[in-house]
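The values are calculated or read from the model by the stated rules, or taken from the named source; none is laboratory data. What you see is a predicted model, and the numbers here were worked out from it, not measured in a lab. Because the Cβ atoms are built from the backbone with ideal geometry, glycine has one as well, and the counts that use them run over all protein chains shown. When the accessible area is computed, the model is the full protein with side chains, heavy atoms only, and any ligands, DNA or RNA have been set aside. Shrake-Rupley method; radii C 1.70, N 1.55, O 1.52, S 1.80 Å.
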Amino acid sequence: MAELPGYFRYCLNTGKLVLLAILVSGGVVLQILACALYNNWWPMITAITYVLLPMPLLFFAGSESSLFSESDSRWVNATKFLTGASAVGSIAIPTILKHSGVIGWGALAMEFSSFFVFVLAMMCYIRMNGEDDYSIL
């Protein structure tokens, strides 16, 4: 992108940021609708896992190595494990609630669609950071 003018690159980066904001907002709206439409607020428990999901990355991941590469560091391995466990919990909690009869099929479908919108937003964020010079991951 070095051949593009600065104002054009800034406009593209702003558009990417807007896309991320729309995706995250859509995931939050789906999460709230899964509760409000069916008058059952138990599915909101999965919002806890959405908050806990980035915490291991913030606390334990160092900037010296990528999370996608092989590592000998125990902290990086613990980060990968805790992030994976939280991601599995984001799918398992609505499934357990449906199996126990607490929520219906519609709320389960909205919970899963909210999860996949959040995953799409995270993948877009990782892709965006891979292109920038000031990458976190």
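Accessible area per residue was computed with a 1.4 Å probe on protein heavy atoms; residue 116 scores about 120 Å².
If I take R0 = 35 Å and measure r between the Cβ atoms of residue 55 and residue 14 in this structure, what FRET efficiency does the formula 1/(1 + (r/R0)^6) give, to the nearest 0.05? Rounded to the nearest 0.05, the efficiency is 0.80. Placing 80, 16 in order of accessible area, with the largest value first and a 1.4 Å probe, yields 80, 16.
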